[in-house]
Amino acid sequence: GRPCLKCRQKCPGFCHHSWRKICRHCKCSKSEHDILADDHERFVEKMIFEYYKVNGLSDFNINPAIEEYAWTPPALSIRQIEAYFDCLPKENVPIIDSVGDRYRIQQLLYQHPAHDYDPKFCYRLSEEEKKKHRQFSATRKKDAFGQATVRTIGSRMNGHECAEVSYATPLCGEQLNHGELGLFASHAVPENLVWHPECFICCVCENGLVDLIYYYKDGEVYCGRHHADSVKPRCNACDEIIFTEECIQAHGRTWHTDHFVCYECECRLGSRNQYIMRDGQPYCCRCFESLYAVYCESCGEMIELNDGHMAHNDMHWHASDDCFSCSECNQSLLGKTFLPKHGKLYCSVAC
Ligand SMILES: [Zn+2]
Ligand SMILES: [Zn+2]
Ligand SMILES: [Zn+2]
Ligand SMILES: [Zn+2]
Ligand SMILES: [Zn+2]
Ligand SMILES: [Zn+2]
Ligand SMILES: [Zn+2]
Ligand SMILES: [Zn+2]
């Protein structure tokens, strides 16, 4: 499998978890790995192509206008393309085989998960869920989905002149001047909304909208992932949108009822099975203790989950008078100020 760019040597290579959409080895997402995502790139391209076809637009071009780029905005001159990329952070410019190229692939996978668009990428949906999925996909594509166009303010494009209205970008509130590049989103209301290239970011994750693909809703632009999240709950375990009536809500997150399982051993959690949250994922008590058990600096015993627990930097103590006490005079330090030194606790400088 492909190496993980986050875990480096710790991951032996990407290996698909059967339903979580993460790496079985390191638990990072696919996009975190150095994945060749040609199929996903084509998948997104096809969506854009459909969008141009359905809307009777002719500007679609699949091949970048300049060879050294993996992608360029459609229907621009070479000079405009260069001016456009000059507006973006250097590390986000998709020059082939650069960090920007990798960033683009990573963002395509993150902003537009294939399982948000086609039930065939989802794990075991019922016929009813598939039906709802297709409706959901079709509705938001029709109402909110598009690819922004880049135009020079005040220039002639496709034979018509850009309206000479007072342009203001919703994000920074600054006016765009004659001769500057502006981004237009056909779903945006009012129609004279325009964005600076660097201001065209998802209102949730604040990532630049990859390949200028946006969803528009109530005055804001979203990436695909966060637009979907704004309409429906997403399962924190399998990363799919939830189309069932019931789901589990806990700690501000949602799960398919069947997917509320231990992040490590995948045993069922909930009413009878106690769980502990860590980094946004639930663990059964046994896995949690074996993975994250901490030991008391004083008595050396494990600190059980239900035990009172004191911590300072990487050191832990039972929250008892015996364990959390001055190592010189033995007085309890619970609720008092203490001085940690070389892994030991003291009540005062004198001790
Ligand atoms: Zn990893
Ligand atoms: Zn991995
Ligand atoms: Zn701006
Ligand atoms: Zn986003
Ligand atoms: Zn799920
Ligand atoms: Zn477990
Ligand atoms: Zn102890
Ligand atoms: Zn003391």
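Observations
- Restricting segment 259-284 to residues that are more than 18 Å from Cys28 (Cα to Cα) and surrounded by fewer than 16 Cβ atoms within 10 Å (Cβ to Cβ) leaves a set whose member that is nearest to ligand 3 (Cβ to nearest atom) is Gly270.
- Just so you know, in segment 39-75 the residues that are closer than 19 Å to Val99 by Cβ and hydroxyl-bearing (Ser, Thr, Tyr) include one that is most open to solvent (accessible area, probe 1.4 Å), and it is Tyr69.
- For segment 318-333, a residue qualifies if it is part of a loop (DSSP other than H, G, I, E, B), under 17 Å from Val349 (Cα atoms) and hydroxyl-bearing (Ser, Thr, Tyr), and exactly one does: Ser327.
- Being free of Cβ contacts under 8 Å to residues at least 12 places away in the same chain and either touching a Pro at 6+ places or on another chain (Cβ under 8 Å) or closer than 16 Å to Gly146 by Cβ (or both) is a property that Asp211 lacks.
- Residue match in segment 190-208 (condition: aliphatic (A, V, I, L, M), open to solvent by 20 Å² or more (accessible area, probe 1.4 Å) and within 16 Å of ligand 4 (Cβ to nearest atom)): yes
- Selection count, segment 280-317, where residues are assigned to a loop (DSSP other than H, G, I, E, B), among the hydroxyl-bearing types (Ser, Thr, Tyr) and closer than 24 Å to Arg253 by Cβ: 0
- Some residue of segment 108-129 being closer than 23 Å to Val150 by Cβ, open to solvent by 30 Å² or more (accessible area, probe 1.4 Å) and either within 16 Å of ligand 8 (Cβ to nearest atom) or free of Cβ contacts under 8 Å to residues at least 40 places away in the same chain (or both): no
- For segment 304-311, the count of residues that are at pLDDT below 90, closer than 21 Å to Tyr263 by Cβ, within 16 Å of ligand 6 (Cβ to nearest atom) and touching a strand residue (DSSP E or B) at 6+ places or on another chain (Cβ under 7 Å) is at least one.
Residue by residue, here is whether (1) in contact with a Leu (Cβ under 8 Å, 6 or more places away or on another chain); (2) near ligand 2 (Cβ under 10 Å from one of its atoms) holds:
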residue: Lys6; (1), (2): no, yes
residue: Gln9; (1), (2): no, no
residue: Pro12; (1), (2): no, yes
residue: Arg20; (1), (2): no, no
residue: His25; (1), (2): no, yes
residue: Ser31; (1), (2): yes, no
residue: Leu36; (1), (2): no, no
residue: Arg42; (1), (2): no, no
residue: Ile48; (1), (2): no, no
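- Whichever residue in segment 259-279 is outside any loop (DSSP other than H, G, I, E, B) and within 9 Å of ligand 6 (Cβ to nearest atom) and, among such residues, is nearest to the chain's Cα centre (by Cα): Val261
The values are calculated or read from the model by the stated rules, or taken from the named source; none is laboratory data. From a predicted model like this one, the values you see are computed outputs, not experimental measurements. Glycine gets a Cβ as well: all are built from the backbone with ideal geometry, and neighbour counts include every protein chain shown. The accessibility values were calculated without ligands, DNA or RNA, using every heavy atom of the protein model including side chains. Shrake-Rupley method; radii C 1.70, N 1.55, O 1.52, S 1.80 Å.
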